[in-house]
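**Student:** The structure is given below, and queries will be raised subsequently.
Nothing in this text is a laboratory measurement; each read-out follows from the coordinates by a stated rule. For clarity, every value in this text was computed on a predicted model and none was experimentally measured. Note that each Cβ is placed from the backbone with ideal geometry, even for glycine, and that neighbours are counted across all protein chains shown.
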Amino acid sequence: MSQSASPYSSRRLRSRRGLVILAVMAVVFLIGRIIWVNGVFSSAPTGFLGTCGPAAAVPGVEDIEIVNGLTFVSVGSARAPDARDGIYLLAKDGKLTRLAGAPKDFHPRGIGSFRSPDGTGIFLMAVNRRSSGRFSVNSFEVTNPNENPALVAQGTIEGGLLSDPQDVAAAGPGAFYVSNNTAKQSLVKWLGSWGVLPDSNILYFNGMVFRPAGEDLYGARGIALAPDGNHLLVASLTTRSLKSFSRDPFNGTLTEAGSLTLSAAPDRINLDSQGEVWVAGHANLFSWRSFAADPARRIASQIFRVTLLSGVPQEVAQVYGNDGQEIAAASVAASTGKQLLIGSSLDNKLLDCTGS
């Protein structure tokens with residue numbers, strides 16, 4: 001004589017089916033997010049309304065900062081330290097000269113700037129990755145900027161919170177923000193690199209100590225203070241977006257104020273004199289990682305211009321795109337007038353472009 005399943009067995013069976021369905025949905029969502037974040041099916045449209053030419057051959061360009069009409073270039077390769085690394089000045093005739101005064105073991109990543117109250121004095125900050133793998137933020141005054149420029153060290157800031165800093169934005173004399181990768185465990189770092197988990201934060205240095213100002217960010221790369229001084233712009237590599245955070249001027253704490261999705265994963269960002277943001281992006285992060293491992297696997301470059309409204313990004317337009325032959329994996333762009341400078345931390349080129 002057959003027996004029907006008990007109500008308890010039926011409930012347990014339904015529960016198992018529900019768990020299986022939830023697990024399948026989670027896996028599908030995870031795979032979909034990885035595909036979208038990393039731009040598996042993304043491509044980079046090509047084209048530029050202007051002309052470009054090589055400005056210099058360098059180990060790589062990590063960042064560009066234009067201050068008072070002077071162009072400072074952070075030279076370094078994302079692959080390995082190089083004896084030619086340093087902060088350079090790009091003259092109007094195209095000559096690139098390394099500035100004296102940097103420490104011996106100096107391999108800058110992102111750089112930031114601020115001016116003295118009268119607007120004439122120039123100060124630079126740089127994220128430094130030493131050959132030992134230790135990090136610091138170094139600050140300098142630029143002396144004789146228009147005649148015989150040189151760096152004069154102002155201070156070196158270190159701290160245990162600087163686990164893997166990327167870029168720096170000055171918030172005043174002695175105060176600054178740093179974008180910082182926080183993942184230390186290999187599994188968390190791996191999941192963070194694919195955009196599955198948040199792996200970054202923003203640190204604020206108030207002149208005395210570091211403290212977290214923004215937590216649980218995805219792939220924080222380039223940062224810059226908006227023209228209003230009340231917002232910090234952050235390039236989020238693994239959400240393919242440019243984010244804006246309102247900042248507390250007293251303690252530096254950040255609160256997200258807006259976000260703009262891009263068609264590429266943004267790297268470094270810069271503002272021009274009109275208050276527009278110039279963003280270098282990577283359409284496909286799988287290809288970007290392949291190029292980092294093998295320089296022969298050249299990949300596309302994209303440059304975007306983003307407009308702001310009250311410190312929050314509003315609209316984006318691609319300005320430059322190429323298939324990687326002119327410059328591969330562009331990671332930074334800076335514009336002044338019709339001039340557009342494009343650099344890559346993985347390619348040994350600095351491009352000087354003129355828009356039409």
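**Student:** How much space per residue, in cubic angstrom, does the convex hull of the C-alpha atoms of segment 32-137 take up?
**Tutor:** On the way: hull volume 19.7 nm³, N = 106.
Dividing the Cα hull volume of segment 32-137 by its residues yields 186 Å³.
**Student:** Ok, one more. Charges at C-beta only: +1 for Lys and Arg, -1 for Asp and Glu. How large is the resulting dipole of the chain about its Cα centre, in Debye rounded to 20? Can you show the working numbers first?
**Tutor:** Details: 31 positive and 28 negative charges, 329 e Å.
The calculation lands at about 1580 debye.
**Student:** Could you tell me the convex hull volume per residue, in Å³, taken over the Cα atoms of the chain? Please report the intermediate quantities before stating the final value.
**Tutor:** Working: hull volume 61.7 nm³, N = 356.
Normalising the Cα hull of the chain by residue number yields 173 Å³.
**Student:** Run the quick spin-label model on Asp216 and Ser186: label points 7 Å from Cα toward the beta carbon, then report their separation in nm to one decimal.
**Tutor:** For the pair Asp216/Ser186, the computed spacing is 2.8 nm.
**Student:** Then there is this: Measure off 7 Å from each Cα along the Cα-to-Cβ vector at Leu30 and Ser9, then give the distance between these two points in nanometres to one decimal.
**Tutor:** Distance between label points: 3.3 nm.
**Student:** Lysine pairs in the chain with Cα distance under 29 Å, only those 8 or more apart or on different chains: how many are there?
**Tutor:** Lysine pairs satisfying the spacing and distance rule in the chain number 13.
**Student:** Now a separate question. Output the relative contact order of segment 262-356, whole-number percent, from Cα pairs under 8 angstrom with separation of 6+ residues. Let's see the in-between values first.
**Tutor:** On the way: 224 pairs, mean separation 23.7, N = 95.
Contact order relative to length: 25 percent.
**Student:** What residue among Val20, Ile342, Asn230 has its Cα farthest toward the positive end of the dipole of the chain, where the charges are +1 on Lys, Arg and -1 on Asp, Glu, each on the Cβ?
**Tutor:** Going by the charge dipole, the pick is Val20.
**Student:** Would you look at the GNM of the chain, springs on alpha carbons closer than 10 Å, and say which of Arg79, Arg17, Arg33 moves the most?
**Tutor:** Judging by the Gaussian network model, the answer is Arg17.
**Student:** Please compute the net charge surrounding Leu124, taking Lys and Arg as +1 and Asp and Glu as -1 over other residues with Cβ under 10 Å from its Cβ.
**Tutor:** Working: positive: none; negative: Glu65, Glu141.
Charge balance in the 10 Å sphere: -2.
**Student:** For segment 113-146 and segment 178-240, what is the separation of their C-alpha centers, rounded to whole Å?
**Tutor:** 21
**Student:** Would you compute the Debye intensity of segment 109-154 from its alpha-carbon atoms alone, equal scatterers and no solvent, and pass along log10 I(q)/I(0) at q = 0.15, 0.23 Å⁻¹ to two decimals?
**Tutor:** So the normalised log intensities work out to -0.43, -0.81.
**Student:** Measure off 7 Å from each Cα along the Cα-to-Cβ vector at Thr97 and Ser290, then give the distance between these two points in nanometres to one decimal.
**Tutor:** 4.3
**Student:** Before anything else, pin down the relative contact order of the chain: Cα pairs under 8 Å, at least 6 apart, normalised by residue count, whole percent. Can you show the working numbers first?
**Tutor:** On the way: 933 pairs, mean separation 60.1, N = 356.
The normalised contact order for the chain reaches 17 percent.
**Student:** Another one. Order the peptides 139-148, 299-308, 23-32 from the highest to the lowest mean number of other Cβ atoms within 10 Å of their residues. Don't jump to the answer; show the numbers that get you there.
**Tutor:** Working: 139-148: 15.0, 299-308: 22.9, 23-32: 10.3.
Ranking the peptides 139-148, 299-308, 23-32 by packing returns 299-308, 139-148, 23-32.
**Student:** So what's the projected area for segment 145-199, the Cα convex hull averaged over all directions, in nm²?
**Tutor:** Numbers: hull surface 23.6 nm².
Result: a mean projected hull area of 5.9 nm².
**Student:** Moving to a separate point now. Where in segment 237-271 does the amide nitrogen come within less than 19 Å of the point 7 Å from the Cα of Val40, taken along Cα to Cβ?
**Tutor:** So the set is 238-240, 263-265.
**Student:** Order these peptides, 271-279, 127-135, by their mean beta-carbon neighbour count within 10 angstrom, highest first. Please report the intermediate quantities before stating the final value.
**Tutor:** Working: 271-279: 18.4, 127-135: 16.2.
So the order, starting with the most tightly packed, is 271-279, 127-135.
**Student:** Once Lys and Arg get +1 and Asp and Glu get -1 on their Cβ, which of Phe114, Gly39, Pro249 lies farthest toward the positive end of the dipole of segment 14-355?
**Tutor:** Gly39
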